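The values are calculated or read from the model by the stated rules, or taken from the named source; none is laboratory data. Predicted model, so just to flag it, every value in this text is computed and none were measured. As a convention, Cβ positions derive from the backbone with ideal geometry for all residues, glycine included, and neighbour counts pool all protein chains shown. What goes into the accessible areas is simple: the full protein's heavy atoms, side chains included, and nothing from ligands, DNA or RNA. Shrake-Rupley method; radii C 1.70, N 1.55, O 1.52, S 1.80 Å.
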Amino acid sequence: MEQFKTLEIVQKTPNSRVFHLYLNRPSHGNALSPDFFSEFPRGLAALDQNPDVNVIVLSGAGKHFCTGIDLSSLGSVNSHSGDRGRSGEKLRRHIKFLQDSVTAVEQCRKPVVAAVHGGCIGGGVDILTACDIRFCTEDAFFSVKEVDLAITADLGTLQRLPAIVGYGNAMELALTGRRFSGLEAKELGLVSKIFSSKGEMDKEVGLLAEGIAAKSPLAVTGTKAVLQRSRDLSLEQGLDYVATWNSAMLVSDDLTEAVSAHTQKRKPVFAKL
């Protein structure tokens with residue numbers, strides 16, 4: 001497997017179908033460097049295409065989940081020369097490249113479970129909102145920080161956060177840039193559950209991920225795909241989409257195995273995807 005400068009991929013338990021993806025610049029608070037934006041989609045794609053992987057747990061090495069974009073990488077953005085139009089077009093392409101790196105979380109077929117401790121700031125919130133399931137510790141803290149850096153957040157938070165916490169809450173958090181706690185994140189619905197310690201979170205998230213990984217991979221990847229697609233569709237369109245999806249995926253060895261296991265009162269065993 002490829003070696004990364006900003007990431008680490010770990011399979012904690014042999015034969016487990018849960019793999020851990022760590023943001024791995026702990027001495028920099030896992031700030032997002034230029035290397036990260038190239039490596040993150042490659043790391044996710046490698047896990048997505050690995051048939052041994054059913055679930056990905058995303059977390060940060062060291063004291064924080066992610067303290068935002070590496071400020072040293074913003075210097076080149078603020079400088080342009082020559083034709084203003086061509087400079088602007090080049091910057092737009094660069095922003096789209098950064099956006100695609102974060103959107104890679106959604107494009108990954110496998111569920112991505114975020115486990116947040118410490119700071120989750122700016123670009124960290126962009127990544128978090130793209131994840132499928134989100135948890136944090138009591139001492140975690142969050143901030144949609146871009147406005148304090150004279151930036152309109154452009155990597156996904158302004159598009160994804162309103163659907164998660166509500167339009168009014170998203171507007172307030174994005175305009176103030178204020179820091180909010182893990183407890184408030186739970187109250188807002190940004191995370192599903194909070195834990196008293198990182199150790200407890202790692203244990204419980206591991207159990208949850210293993211539970212999902214034991215299910216039919218066809219059903220799990222289909223559920224993620226249909227839920228994501230349905231966000232942008234009317235009810236009628238969403239129902240039509242899942243009908244079409246299941247017309248291709250429903251009749252499978254996984255369905256036969258699930259029914260047999262239920263009848264025989266045993267745990268099902270599904271083939272890799």
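Checking the structure you have, find out if any residue of the range 36-54 is in contact with a Pro (Cβ under 8 Å, 6 or more places away or on another chain) and either modelled with pLDDT under 95 or not charged (D, E, K, R) (or both). Yes, some residue in the range 36-54 is in contact with a Pro (Cβ under 8 Å, 6 or more places away or on another chain) and either modelled with pLDDT under 95 or not charged (D, E, K, R) (or both).
Taking residues in the range 17-28 that are among the β-branched types (Val, Ile, Thr), and partners anywhere that are part of a helix (DSSP H, G or I) and surrounded by fewer than 18 Cβ atoms within 10 Å (Cβ to Cβ), the pairs with Cβ atoms closer than 9 Å and at least 6 places apart or on different chains are 18/210. Taking the criterion of being among the hydrophobic types (A, V, I, L, M, F, W, C) and open to solvent by less than 50 Å² (accessible area, probe 1.4 Å), the residues of the range 142-174 that qualify are 142, 144, 153, 155, 161, 164, 165, 170, 173, 174. For residue 126, indicate whether it is open to solvent by 10 Å² or more (accessible area, probe 1.4 Å) and at pLDDT 95 or above. So residue 126 fails the test.
So, of the residues in the range 191-208 that are among the small types (Gly, Ala, Ser) and more than 17 Å from residue 128 (Cα to Cα), which turns out to be surrounded by the most Cβ atoms within 10 Å (Cβ to Cβ)? Result: 206. Among the residues of the range 216-228, those identified as without any contact (Cβ under 8 Å) to a residue 60 or more places away in the chain and either open to solvent by 50 Å² or more (accessible area, probe 1.4 Å) or of a type in the set (A, V, I, L, M) (or both) are 218, 219, 223, 226, 227.
If you filter the range 11-45 down to residues that are in contact with a strand residue (DSSP E or B) (Cβ under 8 Å, 6 or more places away or on another chain) and open to solvent by 40 Å² or more (accessible area, probe 1.4 Å), you find that the one that is nearest to residue 126 (Cα to Cα) is 24. Looking at the range 85-185, the strands (runs of 3 or more DSSP E) lying wholly inside it that each contain 1 or more residues that are closer than 23 Å to residue 38 by Cβ sit at 112-116, 119-121.
Here residue 270 meets each of (1) of a type outside the set (A, V, I, L, M); (2) open to solvent by 40 Å² or more (accessible area, probe 1.4 Å); (3) part of a loop (DSSP other than H, G, I, E, B) with one exception, condition (2).
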